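For reference, the structure discussed in these notes is given below.
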Amino acid sequence: MSAILVYAEHDHTELKSGTLSAIACAREIGGDIDILITGNNCGDAAQHAASIEGVRKVLLAEGEHLENHVAENVAPIIERLAGDYDYVLAAATTGGKNIMPRVAAKLDVQQVSDISKVISEDTFVRPIYAGNAMATVQSTDAIKLITVRATSFEAVEAGGGSASVESIESGSDAGLARFVGADLSESEGPELTTAPIVVSGGRGVGSAENFQLIESLAGKLDAAVGASRAAVDAGYVPNDYQVGQTGKVVAPDLYVAVGISGAIQHMAGMKESRVIVAINKDSEAPIFEAADYGLVADLFEALPELDKALDG
Amino acid sequence: MKVLVPVKRVVDAYVKVRVKSDGSGVETNNIKMSMNPFDEIAVEQAVRLREAGTATEVVAVTIGPQQAQEQLRTALAMGVDRAMHIEADAGVEPLAVAKILSAVCDQESPDLVLLGKQAIDDDSNQTGQMLAALRGWPQGTSISKLEPGDGTVTVTREVDGGLESLELPMPAIATVDLRLNEPRYPKLPNIMKAKKKPIEQSTTADLGVDITPRLKQVKVEEPPARAGGVKVSSVDELIDKLRNEAKVIQ
Ligand SMILES: Cc1cc2nc3c(=O)[nH]c(=O)nc-3n(C[C@H](O)[C@H](O)[C@H](O)COP(=O)(O)OP(=O)(O)OC[C@H]3O[C@@H](n4cnc5c(N)ncnc54)[C@H](O)[C@@H]3O)c2cc1C
Ligand SMILES: Nc1ncnc2c1ncn2[C@@H]1O[C@H](COP(=O)(O)O)[C@@H](O)[C@H]1O
C-alpha cells in the first residue's frame, strides 16, 4: 500500500478547499493518507484535517517562522518527511506552486504540475498550452511530487474520521526571505474558486465604478466576482480576481462573462464551467464559441435589466 | 549588481495550438515562435535596473535548439549586455533547466536571477523555485513589484488572497508576473545592432548536466470540446433558459 503526504493550506481553523481537492486526488491514487499542517497556532486546522474520513494521521509543525508559509522555511520540513512517502501532493494554488518545486529540486524529482486526472499509480493528465492540449505523462521518479488542479477533483468533506494529530519537529528560520507584510483583499461574497456561480467583468466594463454593475448582479445571484486580465490591469479590481491561464481556475455551475472577449488565456481558467453565459456587444467575440447562452447586447443596458428581472 | 535572465523560446501566446494527429505533441512547424511573455517582462525589468544604474550587467541565457538564438537576439535588442545559448533539444524539463542554470550561476555569479513565473507551453511554474532550492537562495515568485535595497531586493508577490511582500537578501531568485511592467518594443536600430552581437555558445554536456527526462510523455490530446451553444435574444429569454433549461438559478 502506498503512502501519500498531502501538504495542507489552511486559515488556522480549517483546510482550504484546494487542499480538500488534493485529498480527493490522494484518495483516487489510493493509499495511506497523512496530512502535513505547518503554521503558527493552527491546532484547529489540524483537528479539521483529522476529522476527514480516510486520513491516517495529521502531522503538525508549528512555529513563528512558519506563520507566513515562507517557502524557505516550509520546504525543508516536507523534504525531511518525503522519504517516508511514495507521493507528496499539494493544491496547485499560489502556495503550492511556490513551495513544491523547491522540495522537488532538493529531492531530485521532476514535479508533475497541475494534474487534472489520475490514470494509474504513475500516470497523470495535465493541461498544457493554457489547456489547449492535454498531456498524459508517466513519472519515473521514486517519489512523485504532484500539484493538483482543484477544479478537477471534488473537494472531500470533513467528518467521519478520527485521525491522530502528531506534533513534529518544525525546524528553524532559514534566515533567507523575510516576510514584510500582506495586503489581502477582503471580499464579502463567496470565494472565487469555490463559488457555484461566478460573474466576471472584462475591459468592456470600462471603469472601477462601473464594476458596481458586476457586483450588483453577483450579489443577486449570490455569486463570486471575477475578472479578465485586462480589467485587472486597468485597475478596475485587485489582482486576485483574475481568472485564466495565469490567474485562478474556476469551474462553477454558472459562469457569466460580461464585456470579456474570450482570449485563449481567459478561457483557460473558466471553460470547465458547467454553464457559460456571455454578454458582449460584439456578436463575433470568441467568447460566444464557448458560451451555452450568448446575449449580444450592450452591458450597460443588459445588466440593469437583468438586475430588475431577477428582483421581480 | 549582476542580473541573469533565463528566456525560453515558446509558441507565440496568440497562436491557437493544434495537437498533432499522432498524439505525439503539438504542431510547432511553421508556427510563430516568440520569447515566453513572462521572460520578456523579466528582460524588461533587468534592463530597467541597468538603465537606473542599479544593475551593472545583464546576461540573458536560453536553453534550446539553434533557433532559440532568435529570442536571444530579441533580448539583445531590448538592451541586455550579453547572451548565452546552451544548445539542447526543445523540451528540457524544468528540473534539468534549473540544474543547467545553476551551473551557469557557478560561472557567472549573478546577484539576481529573474525568470518568468511560468513557460506558457508546459505551464509548469517550477524552474525558478527549483533553481533557488539548488542554490540555497531565497525566492520571490509571481512578483508584480521589485525594489532594490542595500544588498537586498524587496518584492511584491501576487498570491491567491491578494498581495504579499518579502525582503530577499541577494543573491536571490525572483519569478515575474504580468503586471510587473510593460515590455518595450525594441527599436529598429537596436534590432540591427543586436544581429551583430556575439552569442556565447555551449552545450549541456559542457556544463556536465544530465538532461535525461524523468517524465515520459505518453500522449497529447485535444481537450474535450464544448458543445455549441445558442444565442438568446433578450434578457428575459436568458433568465428563462437559466431557470428552466439549465436550472442553474432559482
Ligand atoms: C502570457 C499571457 C497570459 C495571460 N493570462 C491571462 C489570464 O490569466 N486571464 C485573462 O483574462 N487574460 C490573460 N491574458 C490576456 C488575454 O490575452 C486578453 O488580453 C484578455 O483576456 C482580454 O481581456 P478582456 O476580454 O476583458 O478585454 P478585450 O479583449 O479588450 O475585450 C473586451 C470585450 O468587451 C466587449 N465590450 C466592450 N464594451 C462593451 C459593452 N458596452 N457591452 C458589452 N460588451 C462590451 C468588447 O466587444 C470586447 O469583446 C494573458 C495574456 C498573455 C500574453
Ligand atoms: N529552456 C529554457 N531556457 C531558458 N529559460 C527557461 C527554459 N525553460 C524555462 N525557463 C525559465 O523558467 C521559467 C519558468 O518555466 P517553467 O518552470 O517551465 O514554467 C521561464 O519563464 C524561463 O524564465
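Within the group A:Q110, A:Q138, which residue is closer than 24 Å to A:H69 by Cα, of a type in the set (S, T, N, Q) and touching a Lys or Arg at 6+ places or on another chain (Cβ under 6 Å)? Explain how you work it out, then say what you get.
Details: A:Q138 fails: closer than 24 Å to A:H69 by Cα.
Unique residue meeting the criteria: A:Q110.
In this structure, is B:A119 within 11 Å of ligand 2 (Cβ to nearest atom), among the hydrophobic types (A, V, I, L, M, F, W, C), crowded, with 21+ Cβ neighbours inside 10 Å and in a loop (DSSP other than H, G, I, E, B)? Don't jump to the end; show me each part of the working.
Details: within 11 Å of ligand 2 (Cβ to nearest atom): yes; among the hydrophobic types (A, V, I, L, M, F, W, C): yes; crowded, with 21+ Cβ neighbours inside 10 Å: yes; in a loop (DSSP other than H, G, I, E, B): yes.
Considered against the rule, which asks whether it is within 11 Å of ligand 2 (Cβ to nearest atom), among the hydrophobic types (A, V, I, L, M, F, W, C), crowded, with 21+ Cβ neighbours inside 10 Å and in a loop (DSSP other than H, G, I, E, B), B:A119 comes out as yes.
Would it be correct to say that B:V209 is closer than 26 Å to A:K106 by Cα, outside any loop (DSSP other than H, G, I, E, B) and more than 8 Å from chain A (Cβ to nearest Cβ)?
On the way: closer than 26 Å to A:K106 by Cα: yes; outside any loop (DSSP other than H, G, I, E, B): no; more than 8 Å from chain A (Cβ to nearest Cβ): yes.
The answer is no for B:V209.
Could you check how many residues of segment A:231-279 are within 11 Å of chain B (Cβ to nearest Cβ), near ligand 1 (Cβ under 7 Å from one of its atoms) and farther than 26 Å from A:F153 by Cβ?
Total meeting the criteria: 2.
I'd like to verify a number: residues in segment A:113-130 that are in contact with an Asp or Glu (Cβ under 9 Å, 6 or more places away or on another chain) and either among the aliphatic types (A, V, I, L, M) or buried (at least 24 other Cβ atoms within 10 Å of the Cβ) (or both), how many?
Summing the residues that are in contact with an Asp or Glu (Cβ under 9 Å, 6 or more places away or on another chain) and either among the aliphatic types (A, V, I, L, M) or buried (at least 24 other Cβ atoms within 10 Å of the Cβ) (or both) in segment A:113-130 gives 8.
Suppose we filter segment B:210-241 for residues that are farther than 23 Å from B:K16 by Cβ and not polar (S, T, N, Q); how many remain? Can you show your working first?
Of the residues in segment B:210-241, the ones farther than 23 Å from B:K16 by Cβ are B:210-216, B:218, B:230, B:232-241.
Filter once more, keeping what is not polar (S, T, N, Q): B:210-211, B:213-216, B:218, B:230, B:232, B:235-241.
Within segment B:210-241, residues that are farther than 23 Å from B:K16 by Cβ and not polar (S, T, N, Q) number 16.
Quickly run through segment A:138-157 and pick out the residues that are within 9 Å of another protein chain (Cβ to nearest Cβ) and either under 17 Å from the mean Cα position of the chain (by Cα) or under 18 Å from A:A22 (Cβ atoms) (or both). Break it down stepwise before answering.
Quick first cut of segment A:138-157, residues within 9 Å of another protein chain (Cβ to nearest Cβ) only: A:138-141, A:147.
Within segment A:138-157, A:S139, A:T147 qualify.
On the given criteria, is B:I143 within 14 Å of another protein chain (Cβ to nearest Cβ), in a strand (DSSP E or B) and within 16 Å of ligand 1 (Cβ to nearest atom)?
Yes.
For residues that are among the charged types (D, E, K, R) and over 17 Å from the mean Cα position of the chain (by Cα), scanning just segment A:187-209, find the one that is nearest to A:V243 (Cα to Cα). Outline the logic, then answer.
Of segment A:187-209, the ones among the charged types (D, E, K, R) are A:188, A:191, A:203, A:209.
Next cut, over 17 Å from the mean Cα position of the chain (by Cα) only: A:188, A:203, A:209.
Values: A:E188: 18, A:R203: 13, A:E209: 20 Å.
The qualifying residue nearest to A:V243 (Cα to Cα) is A:R203.
Counting only residues that are in contact with a Gly (Cβ under 8 Å, 6 or more places away or on another chain) and either within 9 Å of chain B (Cβ to nearest Cβ) or without any contact (Cβ under 8 Å) to a residue 24 or more places away in the chain (or both), which one in segment A:287-302 is nearest to ligand 1 (Cβ to nearest atom)?
Applying the first criterion (in contact with a Gly (Cβ under 8 Å, 6 or more places away or on another chain)) to segment A:287-302 yields A:287-294, A:299.
Filter once more, keeping what is either within 9 Å of chain B (Cβ to nearest Cβ) or without any contact (Cβ under 8 Å) to a residue 24 or more places away in the chain (or both): A:288-294.
Values: A:F288: 10, A:E289: 12, A:A290: 12, A:A291: 12, A:D292: 18, A:Y293: 15, A:G294: 11 Å.
Of everything passing the filter in segment A:287-302, A:F288 is nearest to ligand 1 (Cβ to nearest atom).
May I ask you to list the residues in segment B:104-139 that are among the small types (G, A, S) and touching a strand residue (DSSP E or B) at 6+ places or on another chain (Cβ under 9 Å)? Let's see the steps before the verdict.
Here is the first cut: in segment B:104-139, the residues among the small types (G, A, S) are B:109, B:116, B:119, B:124, B:128, B:132-133, B:136.
B:S109, B:G116, B:A119, B:S124, B:G128, B:A132, B:A133, listed by residue number.
Within 17 Å of B:V97 (Cβ to Cβ) and more than 16 Å from ligand 1 (Cβ to nearest atom): which single residue out of B:T62, B:T54 fits that description?
Numbers: B:T54 fails: within 17 Å of B:V97 (Cβ to Cβ).
Result of the check over B:T62, B:T54: B:T62.
Is there a residue in segment A:200-215 that is within 14 Å of ligand 1 (Cβ to nearest atom) and closer than 29 Å to A:V156 by Cβ?
yes
Before we move on, is B:E182 surrounded by fewer than 20 Cβ atoms within 10 Å (Cβ to Cβ), within 12 Å of chain A (Cβ to nearest Cβ) and in contact (Cβ under 8 Å) with a residue 40 or more places away in the chain? First the steps, then the outcome.
Working: surrounded by fewer than 20 Cβ atoms within 10 Å (Cβ to Cβ): yes; within 12 Å of chain A (Cβ to nearest Cβ): yes; in contact (Cβ under 8 Å) with a residue 40 or more places away in the chain: yes.
Criteria met by B:E182.
So, A:K281, is that one of a type in the set (K, R), without any contact (Cβ under 8 Å) to a residue 12 or more places away in the chain and surrounded by fewer than 18 Cβ atoms within 10 Å (Cβ to Cβ) or not?
Numbers: of a type in the set (K, R): yes; without any contact (Cβ under 8 Å) to a residue 12 or more places away in the chain: no; surrounded by fewer than 18 Cβ atoms within 10 Å (Cβ to Cβ): yes.
Spelling it out, it is not the case that A:K281 is of a type in the set (K, R), without any contact (Cβ under 8 Å) to a residue 12 or more places away in the chain and surrounded by fewer than 18 Cβ atoms within 10 Å (Cβ to Cβ).
Pairs please, first residue from segment B:111-122 and more than 14 Å from ligand 1 (Cβ to nearest atom), second anywhere and basic (K, R), Cβ atoms under 8 Å, 6+ apart in sequence or on different chains.
B:D111/B:K2; B:L112/B:K2
For A:P127, only one of the following conditions fails: (1) assigned to a loop (DSSP other than H, G, I, E, B); (2) within 16 Å of ligand 1 (Cβ to nearest atom). What is its number?
The single condition A:P127 does not satisfy is (1).
Output yes when any residue across segment B:143-164 is within 30 Å of B:V19 (Cα to Cα) and buried (at least 23 other Cβ atoms within 10 Å of the Cβ), and no when none is. Talk me through it step by step, then tell me what you get.
At the first step, the residues of segment B:143-164 found to be within 30 Å of B:V19 (Cα to Cα) are none.
Scanning segment B:143-164 turns up no residue that is within 30 Å of B:V19 (Cα to Cα) and buried (at least 23 other Cβ atoms within 10 Å of the Cβ).
If I ask for residues that are over 19 Å from the mean Cα position of the chain (by Cα) and outside any loop (DSSP other than H, G, I, E, B), which ones from segment A:112-124 would you list?
Within segment A:112-124, the first condition is being over 19 Å from the mean Cα position of the chain (by Cα), and the residues that meet it are A:119-123.
Within segment A:112-124, A:I119, A:S120, A:T123 qualify.
Report yes if some residue within segment A:282-299 is under 22 Å from A:G189 (Cβ atoms) and in contact with a Lys or Arg (Cβ under 9 Å, 6 or more places away or on another chain); otherwise report no.
yes
Considering each of B:K231, B:K241 in turn, give the residue that is assigned to a strand (DSSP E or B) and more than 30 Å from B:M84 (Cα to Cα). Give the steps one after another, and end with the answer.
Working: B:K241 fails: assigned to a strand (DSSP E or B).
One residue alone meets the criteria, B:K231.
Would you be able to say whether some residue in segment A:104-125 is charged (D, E, K, R), farther than 17 Å from A:V6 by Cα and either in contact (Cβ under 8 Å) with a residue 60 or more places away in the chain or in contact with a strand residue (DSSP E or B) (Cβ under 8 Å, 6 or more places away or on another chain) (or both)?
For segment A:104-125, residues charged (D, E, K, R), farther than 17 Å from A:V6 by Cα and either in contact (Cβ under 8 Å) with a residue 60 or more places away in the chain or in contact with a strand residue (DSSP E or B) (Cβ under 8 Å, 6 or more places away or on another chain) (or both): absent.
Does segment B:145-156 contain at least one residue that is under 16 Å from the mean Cα position of the chain (by Cα), more than 8 Å from ligand 2 (Cβ to nearest atom) and of a type outside the set (A, V, I, L, M, F, W, C)?
Initially, segment B:145-156 is screened for residues under 16 Å from the mean Cα position of the chain (by Cα), giving none.
There is no residue in segment B:145-156 that is under 16 Å from the mean Cα position of the chain (by Cα), more than 8 Å from ligand 2 (Cβ to nearest atom) and of a type outside the set (A, V, I, L, M, F, W, C).
Can you name every one of the helices (runs of 4 or more DSSP H) wholly within segment B:1-109 that holds 1 or more residues which are within 14 Å of chain A (Cβ to nearest Cβ) and within 15 Å of ligand 2 (Cβ to nearest atom)? Working first, answer last.
Working: elements: B:37-51, B:69-78, B:94-108.
In segment B:1-109, the matching helices (runs of 4 or more DSSP H) lie at B:37-51, B:94-108.
Limited to segment A:140-191, what total is found for residues that are at pLDDT below 95, aliphatic (A, V, I, L, M) and crowded, with 16+ Cβ neighbours inside 10 Å?
Selection size over segment A:140-191: 1.
The values are calculated or read from the model by the stated rules, or taken from the named source; none is laboratory data. Just so you know, these numbers come straight off a predicted model, no measurement behind them. With ideal geometry, Cβ positions are generated from the backbone for all residues, glycine too; neighbour counts draw on all protein chains shown.
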